[in-house]
Amino acid sequence: MNERELKLLLEAGAVKSILITAQGSLFHVEAKTAGVAKVLMTGRGDVRQWRSIDSCAKWLRKAGIGNASLDFQNWQIGQRNLTAI
């Protein structure tokens, strides 16, 4: 699901909840609709990720979302990402 689809689902009232999930040192967003969780993607098809919880929250706020849950069980503070060779 991309940003445009998320906004359409929000306008239709189909989004039940938003979950910010930490994976390693990055955060991504999942939107829960009728029993299905959809991960927010970029236009190229990659998972949309943020390096800080602040930037993720600002993006959600700009998209019109004021309430989200946070799962930081798998958050690794200071973990570095693998670089492509």
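Summary of computed values
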| quantity | calculated |
| --- | --- |
| Residues of the chain: accessible area per residue with a 1.4 Å probe, Å² | 72 |
| Range in the chain, longest, excluding exposed trypsin sites (Lys or Arg not before Pro) [loop by DSSP; at most 11 other beta-carbon atoms within 10 Å] | 1-43 |
| Number of Lys pairs (Cα under 16 Å; 8 or more positions apart or on different chains) in the chain | 7 |
| The chain: most fluctuating residue of G45, G66, G35 per GNM, C-alpha cutoff 10 Å | G35 |
| Heavy-atom accessible surface of the chain: percent carbon and sulfur, 1.4 Å | 49 |
| Zero-based 10 Å bins, Cα pair distances in the chain, whole percents | 17, 51, 26, 6, 0 |
| Nearest-20 debye value, the range 16-77 charge dipole, Cβ charges on Lys, Arg, Asp, Glu | 240 |
| For the chain, share of DSSP beta bridges that run antiparallel, in % to the nearest 5 | 70 |
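The values are calculated or read from the model by the stated rules, or taken from the named source; none is laboratory data. All of these numbers come straight from a predicted model, not from anything done at the bench. As a convention, Cβ positions derive from the backbone with ideal geometry for all residues, glycine included, and neighbour counts pool all protein chains shown. Note: areas computed on protein heavy atoms with side chains; ligands, DNA, RNA excluded. Shrake-Rupley method; radii C 1.70, N 1.55, O 1.52, S 1.80 Å.
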